[in-house]
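Q: I am attaching a structure below and will ask some questions about it afterwards.
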Amino acid sequence: HIGSCTKSMTATLVAMLVERGDLSWSRTVGESFPEFAETMDEAWESVSLEQLLTNLGGAPADLDADGLWARLVMHYGSPTEARLMLVEGVTRHPPEAAPGSKFIYSNAGFSIAGAIAEKVTGKSWEDLMRTMLFAPLGMESAGFGAPGERGERTEPRGHRLVRGKPRAVQPGLGSDNPDAIGPAGKAHCSLPDWAKYAAFHLRSARGDLPESSSIRLSPETIARLHTAAGPGADPDNGYAMGWGVTRREWGGRVLTHNGSNTMWFAVVWIAPERDFAVLVATNIGGEGAQKGTDEAAWAVIEDCLAHR
């Protein structure tokens, strides 16, 4: 389970839809959801898709207002219906900051972006991900929610700490975040399949994606996905579209993200200038998981550097 690393996948999907003409980066929340015109706070009407994907749209950091989170957790309809519930619930309140003025890390913003993609294509975010991203990249293990089937030990289980001891969580209800925030953090796949996705971004950033690649984005679009945005932003140090952008002595300009649904933890580092990427995941969340994955990632990075 790759948690919030799903965000860059949603941004990549949107980029593909932009390049084929289904969407534009400037498409707004207001024009996407006219059915919520009577309840939508007017400040949301001009929030753009690009702002949502860079955490600059003013989307809230949590979804507790009016008990929305509890309603999303208990929602039993389709994932698309759940995301529309999220859109309506979030936009009836003003954005937490003026759009474009402040970075607020938000699952809601990416979920609204996913709902916009659903609205213009008539297909669910899940189906779009399967057909446009997973299948072309050969990510046969990829799916949504906790991997595996309840009662069958075919995949690792996510774990929670209970009285200081890890306890396995069965796949199914309660084993992951609600469908409403799928575009922000509900994808899973094997490490080799996740590596295929990371390799796509690594090669694209280097400008050496093979001609045989089944997915191609223009250099301009890749730069947009990989460049930090925001008021006075340093393009090499900040948040891009689902990627943290920073510089490291060992890798130059690097892309990174980590994430957790509290039962898994995953982190990815991509170093285009050094031509390698590192991915680490563990099936438990919490501070210990973050520390452990960081240490494992650094050990792999050191090993990569030692052999170059």
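Q: Hey, what's region 171-308 come to in accessible area per residue, 1.4 Å probe, Å²? Provide the component values of the computation, followed by the final result.
A: Numbers: 6060 Å² over 138 residues.
Result: 44 Å² per residue.
Q: Shape call for region 1-89 from the C-alpha gyration tensor, a ≥ b ≥ c root eigenvalues: rounded (a/c under 1.5), prolate (a/b greater than b/c) or oblate? Intermediate values should be presented prior to the final figure.
A: Values: a/c = 1.65, a/b = 1.19, b/c = 1.39.
Oblate is the answer for region 1-89, as a/c is 1.5 or above yet b/c matches or exceeds a/b.
Q: At what distance in angstrom do the alpha carbon centres of region 227-294 and region 113-184 lie from each other?
A: Value for the Cα centre distance between the two parts: 20 Å.
Q: FRET efficiency for GLN170 and SER212, Cβ-Cβ distance as r, R0 = 41 Å, nearest 0.05?
A: Numbers: r = 41 Å, r/R0 = 0.99.
Computed FRET efficiency for GLN170 and SER212: 0.50.
Q: I would also like to ask the following. Give a quick list of GluC sites (Glu not before Pro) in region 140-240 that DSSP marks as loop, anything other than H, G, I, E or B, with at most 14 other Cβ atoms within 10 Å.
A: Working: sites: GLU140, GLU149, GLU152, GLU211, GLU220; in loops: GLU140, GLU211.
Counting only loop positions with at most 14 other Cβ atoms within 10 Å, the GluC sites (Glu not before Pro) in region 140-240 are GLU140, GLU211.
Q: Just in region 23-83: which chymotrypsin sites (Phe, Trp or Tyr not before Pro) are loop by DSSP and have at most 14 other Cβ atoms within 10 Å?
A: Here the chymotrypsin sites (Phe, Trp or Tyr not before Pro) that fit, given the DSSP loop and packing criteria, are TYR76.
Q: Roughly what would the spin-label model give for ARG308 and HIS93, points 7 Å off Cα along C-beta, in nm?
A: So the two model labels end up 4.4 nm from each other.
Q: Taking +1 at the Cβ of each Lys and Arg and -1 at the Cβ of each Asp and Glu, which of VAL245, GLY77, LEU56 sits farthest along the dipole of the chain towards its positive end, judged by Cα position relative to the Cα centre?
A: VAL245
Q: Another question about this same structure. In the chain, what percent of the accessible surface is made up of carbon and sulfur (1.4 Å probe, ligands and nucleic acids excluded)? Spell out each step's value before the answer.
A: Details: 6940 of 13740 Å².
Of the solvent-accessible surface of the chain, carbon and sulfur hold 50 percent.
Q: Please list, by residue number, every one of the trypsin sites (Lys or Arg not before Pro) in region 1-81 that is coil in DSSP and has at most 12 other beta-carbon atoms within 10 Å.
A: Details: sites: LYS7, ARG20, ARG27, ARG71; in loops: ARG20, ARG27.
Passing both the DSSP loop test and the Cβ count: ARG20.
Q: Same structure, new question: What lysines sit close enough to LYS196 to cross-link, taking a C-alpha to C-alpha distance under 17 Å and skipping anything fewer than 8 places away on the same chain?
A: LYS7
Q: Working out 0.36 nm times the residue gap between ASP22 and ASP66, then minus their Cα-Cα distance, what length gain in nm do you get to one decimal? Intermediate values should be presented prior to the final figure.
A: On the way: separation 44, 0.36 × 44 = 15.84 nm, distance 3.35 nm.
Fully extending the segment from ASP22 to ASP66 adds 12.5 nm.
Q: Using a Förster distance of 41 Å, how high is the FRET efficiency between SER101 and ALA199, based on the Cβ-Cβ distance and rounded to 0.05?
A: Numbers: r = 36 Å, r/R0 = 0.87.
Efficiency computed from Cβ-Cβ geometry: 0.70.
Q: Over region 1-160, with the other protein chains present, what is the accessible area per residue in square angstrom, probe 1.4 angstrom? It would help to have the intermediate numbers written out before the result.
A: Numbers: 6740 Å² over 160 residues.
I get 42 Å² per residue for this part.
Q: Another question about this same structure. Rounded, prolate or oblate: which fits region 173-308 when a ≥ b ≥ c are the square roots of the eigenvalues of the alpha-carbon gyration tensor, with rounded for a/c under 1.5 and prolate only if a/b beats b/c?
A: On the way: a/c = 1.45, a/b = 1.25, b/c = 1.16.
Rounded shape, in that the Cα axes give a/c under 1.5.
Q: Grab the beta carbon distance between ARG130 and GLU249, set R0 = 41 Å, and tell me the FRET efficiency rounded to 0.05. Present the calculation step by step, with values, prior to reporting the outcome.
A: Working: r = 39 Å, r/R0 = 0.95.
The formula returns an efficiency of 0.55 here.
Q: Treating the beta-carbon of each Lys and Arg as +1 and of each Asp and Glu as -1, no other charges, what is the dipole magnitude of the chain about its Cα centre, to the nearest 20 debye? Can you show the working numbers first?
A: On the way: 29 positive and 38 negative charges, 172 e Å.
Charge dipole, the chain, about its Cα centre: 820 debye, nearest 20.
Q: In the Gaussian network model of the chain, springs joining C-alpha atoms below 10 Å, which of GLU118, GLU249, GLU96 carries the largest mean-square fluctuation?
A: GLU249
Q: If you take the square roots of the eigenvalues of the alpha-carbon gyration tensor of region 68-208 and sort them as a ≥ b ≥ c, do you get rounded (a/c under 1.5), prolate (a/b over b/c) or oblate?
A: Values: a/c = 1.58, a/b = 1.10, b/c = 1.44.
In terms of gyration-tensor shape, oblate.
The values are calculated or read from the model by the stated rules, or taken from the named source; none is laboratory data. Since this is a predicted model, take the numbers as computed values, not measurements. Cβ: placed from backbone, ideal geometry, glycine included. Neighbour counts: every protein chain shown. The accessibility values were calculated without ligands, DNA or RNA, using every heavy atom of the protein model including side chains. Shrake-Rupley method; radii C 1.70, N 1.55, O 1.52, S 1.80 Å.
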